[in-house]
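Derivation of every value follows stated rules applied to the coordinates shown; laboratory data play no part. Every value quoted in this text rests on a predicted model; they were computed, and no experiment measured them. No Cβ is skipped: glycine too gets one built from the backbone with ideal geometry, and neighbour counts run over all protein chains shown.
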Amino acid sequence: MSDAPLMPQATAVWLVEHTALTFDQIAAFCHLHPLSVKAIADGELGVGVRGHDPVNAGQLSREEIAKAEADPAFRLHLATSKVRLPEVKKRTRGPRYTPLSRRQDRPNAILWLVRSHPELKDAAIIRLVGTTKSTIAAIRDRTHWNVSQLNPLDPVSLGLCGQVDLDREVAAAAKDRPKSLEPAGPTLEPVEDTAPRREAPRTADEVFGSSVPREEDDEEAHVDIEQVFGVKK
């Protein structure tokens, strides 16, 4: 058990307001710095904090407070509580707890998981949405009593699990993914291999003809008129 009182700052507020203890005595008892206690007394710290009475809480006695008020060198000691609190048992890892308002959405989430991630085992689905193996089996076999009304819904959007948890389970299941679940048949070829190759752009001369006169054009331009029409100069 810690030797510090419950709610140290609130306890310091009460001691400042209701006792004549020094700042050092209050700081030592509440495990605070003396300057913090001084700030509480000056109204700079703990504003709006309701004082916690350590006497009513059984953490300090009136006699000890009176003894400390008479002797500034005296240090307060935390009284042993007469109430024995039960030990808090550490929660073991088990199925995720699902609020009552969300439990009606679990079959829809299970259907989504079964269809979208068939590699997930029943144990992983139980950890994600907090269901049972019999429910998962009924949804897989389509023997669930409400199978006709089920709609596959993402459990993350339903608030049944977090995206990080879902990604972790999917990544773990992918390592043990059976070969029967691997995609069959040829896969898609890269875009570079399937896209039509573009030809090099054609020049304007190739499209519209060259603008440079050819030798044949020069010969046609110098036709002898006399030879054509038989005219003599």
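The table that follows gives values for the structure above.
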read-out	value
In Hz, Karplus ³J(HN,Hα) per residue of the range 39-47 (6.51, -1.76, 1.60; θ = phi - 60°; x = Gly, Pro)	5, 5, 5, 7, x, 8, 9, x, 5
Cβ charges +1 (Lys, Arg) and -1 (Asp, Glu), total dipole of the range 8-70, debye	80 debye
Three-way shape label, the range 100-178, alpha-carbon gyration tensor, a/c 1.5	oblate
Least to most buried among 36, 157, 61 (fewest other Cβ within 10 Å first)	157, 61, 36
Trypsin sites (Lys or Arg not before Pro) restricted to the range 127-174 and DSSP loop, no more than 15 other C-beta within 10 Å	142
Long-range HN-HN contacts of residue 51 with modeled amide H, under 5 Å	none
Whole-Hz ³J(HN,Hα) from phi, Karplus 6.51 cos²θ - 1.76 cosθ + 1.60, for the range 113-129, glycine and proline x	5, 5, 7, 7, 9, x, 6, 5, 7, 4, 4, 5, 5, 5, 5, 6, 10
Surrounding net charge for residue 76, when Lys and Arg each add one and Asp and Glu each subtract one, Cβ distance under 13 Å	-3
Qualifying trypsin sites (Lys or Arg not before Pro) in the range 1-74, DSSP loop, other Cβ atoms within 10 Å at most 10	50
